[in-house]
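Peer 1: Below you will find the structure I want to go over with you.
The values are calculated or read from the model by the stated rules, or taken from the named source; none is laboratory data. As the structure is a prediction and not an experimental result, all values here were calculated from the model. Heads up, the Cβs are rebuilt from the backbone with ideal geometry, glycines too, and the neighbour counts pull from every protein chain shown.
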Amino acid sequence: MAELKKLPFHLPPPRDEGVDLLIIAGEHSGDQHAAAMLRGAFAQRPGLRVATLGGPELVAAGAQLLHDLTASSVVGLVEVLKNYSFFRALFHETLRWIGEYRPAAVCFIDYPGFNLRLAAELHARGLSVKGGGKIKTLFYISPQIWAWKARRRFTMAQHLDALAVIFPFEVKCYADTSLPVEFVGHPFTASDYVAPVRYDAGGPVLLLPGSRRQAVARIFPLMLAGFHAFGEREAVVIYPSEEIAAVLRAARPPENVHLQAAGAPIAASAVLTSSGTMSMHCALAGIPGAIVYRANPLTYLLGRALVSVPFLGIANLLLGEPMYPEFIQGAATAKNLSRELSVDVRDGARREKTAEQAMRLRKVLLQPSNGPADWLLRQLGGV
């Protein structure tokens, strides 16, 4: 990633006189969710002055881009340590920018490793409301405290003014803190949501290795091997950025595996997916499939020691059952994935069960009208 080498650097000043809101989204999914929230906010209050450390979706929604943080995303302890100097420089430059330009509010979008540390430092420097300053600190899309690091909720309550969550069970996770928490529905159940995928029994197989460079480089060859062993149909790979497209091309996919930028909805008969955002798109669309995941061995061993949930996929967690079987680390073999694709494509009972699970999942996640945008504007008050 070229961005990791550009040190030191300075974030540009606000394009307007002053800034009402700074949004920080470090991943492609957070960029998308924050952009949907921002579009809803602009529809009600078009004069908002918004800057972002985010990505192209937030820019398209109308925010001023200070730095494309989504292009710098990494996953896992080993990868973070390799790029420590970059993230340290970005962290301190972000603090400098906030201290100089004083946005009325900062809205953190998931990305807890960076965002929660930043919220703590704003508190320590007396810039945030709870630290004695005037900057409100908001958080949209909770870190997964129900999976690991549960005690973070108490620190979050000390540093944050409000939290909006996208899974209904998360409200109870903060019940023993003073932090105001509101379920605003999942973005994929919003009235203006356009799914990037849909089910078609005669369609190609989807291979969705994710949006993080290191993870894609590990997972995509496994998916290719499973699809090759399956030996039927075409496959489509949706990629979120040109950086990820380059990683996919480096794996030399065969002619019946087509790379396609995110855009018009794709019809698919089955899917092999990472555990990220695209897995939820596919689950809500009722596409049968499985989750494939392989991490750096050290990262995985540390994760197993810290994470205490029965499933990796969030759809599985919400339903309390394996809507998508999970093939993790050594279980992610070509033989296992090929067998799974055969069931997904040929077994009518499996397809019917997936459709029924998709209906239940949608009911669980249903979003109130304009939920996140209304929450954001309430927090901003008269800004």
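Peer 1: So, in the stretch 2-42, how many residues would count as being at pLDDT below 95, aliphatic (A, V, I, L, M) and part of a helix (DSSP H, G or I)?
Peer 2: Residues flagged as at pLDDT below 95, aliphatic (A, V, I, L, M) and part of a helix (DSSP H, G or I) within the stretch 2-42 amount to 3.
Peer 1: In this structure, does Glu121 turn out to be touching a Pro at 6+ places or on another chain (Cβ under 9 Å) and modelled with pLDDT of 95 or more?
Peer 2: So Glu121 fails the test.
A quick yes/no check of all residues on (1) modelled with pLDDT of 90 or more; (2) hydrophobic (A, V, I, L, M, F, W, C):
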| residue | (1), (2) |
| --- | --- |
| Glu57 | yes, no |
| Ala60 | yes, yes |
| Gln64 | yes, no |
| Asp68 | yes, no |
| Gly76 | no, no |
| Glu79 | no, no |
| Phe87 | no, yes |
| Phe91 | yes, yes |
| Trp97 | yes, yes |
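Peer 1: Only one of (1) surrounded by 14 or more Cβ atoms within 10 Å (Cβ to Cβ); (2) under 23 Å from Thr52 (Cα atoms); (3) charged (D, E, K, R) fails for Glu170. Which number is that?
Peer 2: (2)
Peer 1: Hey, another quick one. Would the stretch 281-290 turn up any residue that is touching a Pro at 6+ places or on another chain (Cβ under 8 Å) and at pLDDT 95 or above?
Peer 2: Yes; the residues of the stretch 281-290 include at least one that is touching a Pro at 6+ places or on another chain (Cβ under 8 Å) and at pLDDT 95 or above.
Peer 1: Right, next: Give me a count of the residues in the stretch 229-259 that are in a strand (DSSP E or B) and surrounded by fewer than 19 Cβ atoms within 10 Å (Cβ to Cβ).
Peer 2: Residues in the stretch 229-259 being in a strand (DSSP E or B) and surrounded by fewer than 19 Cβ atoms within 10 Å (Cβ to Cβ): 2 in total.
Peer 1: Of the residues that sit in the stretch 157-167 and are touching a residue at least 40 places away in the same chain (Cβ under 8 Å) and surrounded by fewer than 20 Cβ atoms within 10 Å (Cβ to Cβ), which one is farthest from the chain's Cα centre (by Cα)?
Peer 2: Asp161
Peer 1: Would you say Leu163 is of a type in the set (A, V, I, L, M), outside any helix (DSSP H, G or I) and closer than 21 Å to Gly54 by Cα?
Peer 2: So Leu163 passes the test.
Peer 1: Select from the stretch 340-358 the residues that are closer than 21 Å to Ala315 by Cα and in contact (Cβ under 8 Å) with a residue 60 or more places away in the chain and list them in ascending order.
Peer 2: Glu340, Leu341, Asp344, Val345, Arg350, Arg351, Thr354, Ala355, Gln357, Ala358
Peer 1: Collect the residues in the stretch 111-141 that are crowded, with 21+ Cβ neighbours inside 10 Å and at positive phi, keeping them in residue-number order.
Peer 2: Of everything in the stretch 111-141, those that are crowded, with 21+ Cβ neighbours inside 10 Å and at positive phi turn out to be Tyr111, Ile141.
Peer 1: I've got another one for you. Of everything in the stretch 86-144, what is charged (D, E, K, R), in a helix (DSSP H, G or I) and either out of contact with any Leu (no Cβ under 7 Å at 6 or more places or on another chain) or more than 19 Å from Ala71 (Cα to Cα) (or both)? Give them in sequence order.
Peer 2: Of everything in the stretch 86-144, those that are charged (D, E, K, R), in a helix (DSSP H, G or I) and either out of contact with any Leu (no Cβ under 7 Å at 6 or more places or on another chain) or more than 19 Å from Ala71 (Cα to Cα) (or both) turn out to be Arg88, Arg96, Glu100, Arg117, Glu121, Lys130.
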